[in-house]
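Just below is one structure, and these are the notes that go with it.
The values are calculated or read from the model by the stated rules, or taken from the named source; none is laboratory data. Predicted model only: the values in this text are computed from it and were never measured. Here Cβ is always computed from backbone atoms with ideal geometry, including for glycine, and neighbour counts include all displayed protein chains. Note: areas computed on protein heavy atoms with side chains; ligands, DNA, RNA excluded. Shrake-Rupley method; radii C 1.70, N 1.55, O 1.52, S 1.80 Å.
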Amino acid sequence: MNILRRWKFHFWYHHRQPPPWDTGITPPEVEAFISSHPPGYALDMGCGTGTNVIRLAQRGWQVTGIDFAWSAIRMARQKAQQAGITADLRVDDVTRLHGINVPFDLILDIGCYHNLPLTLRLNYQGHVVRLLAPAGTFLLYVHLKPEGVNQDHGVTEADLEEISSRLCLVSRQDSTEHGRHPSSWLTYCPYS
């Protein structure tokens, strides 16, 4: 099974039930961002069951959420309806993004990029650069992996340098998640 099929199967399997990473709580880093920025257009890459899409919409943002897992988007649509919010929730591949051309003031990714096969990360980055508004923010949460570690999951410093060659790194906050995964919140903006 090729790496993309394996990756899709893994996420399809976990979205058959509530996935273990779906806490239903918007992270404090996202809360801090939306509290300090006026609403605009937001794109949630790998939105899962829509927790952050809903929170952004509740704060006045016009949100598009993308996930390739149909079951996740179905749950997100149900949750959005129950919350009484409107959002554009789409089944799509974040490395292709069919029909999305609006510039976004915020592009959010919590745990999608670090699961992409290495061969597809440049496509993803190209879409982020293309879709980020001139004064926009790319807010990225990733698991980190040491250089030379042979695993599909996580990003290396070289991966982050690749993003920084295309977008300006504004801030980085490293931490350890539950003592298991070193992780980082990164904030990027377009180069002026």
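Sites listed here are trypsin sites (Lys or Arg not before Pro) in segment 78-184 whose DSSP assignment is loop and whose Cβ has at most 12 other Cβ atoms within 10 Å: Arg180.
Of the solvent-accessible surface of the chain, computed with a 1.4 Å probe over protein heavy atoms with every protein chain present, carbon and sulfur atoms account for 54 percent. Seen from every direction in turn and averaged, the convex hull around the alpha carbons of segment 82-192 projects onto 8.5 nm². For Phe104, the residues whose modelled amide H falls within less than 5 Å of its own, excluding neighbours fewer than 5 places apart on the same chain, are Leu132, Ala133.
Across Ala83, Ala32, Ala133, mean-square fluctuation computed from a Gaussian network of the chain (C-alpha pairs under 10 Å connected) peaks at Ala32. Only beta bridges with both residues in segment 35-103 are counted; by DSSP, about 0 percent of them are antiparallel. With both residues required to sit in the chain, DSSP beta bridges show an antiparallel share near 45%.
Estimated translational diffusion coefficient (Stokes-Einstein, Kirkwood radius over Cα pairs, 20 °C, 1.002 mPa s) of the chain: 127 µm² per second.
Note on the chain: with charges restricted to the Cβ of Lys and Arg (+1) and Asp and Glu (-1), its dipole about the Cα centre is near 620 debye. Per residue, the chain exposes 51 Å² of accessible surface when a 1.4 Å probe is rolled over the protein heavy atoms with every protein chain present.
In a GNM of the chain with a 10 Å cut-off on Cα contacts, which of Thr176, Thr156, Thr64 has the highest mean-square fluctuation? Looking only at Thr176, Thr156, Thr64, the largest GNM fluctuation is found for Thr176.
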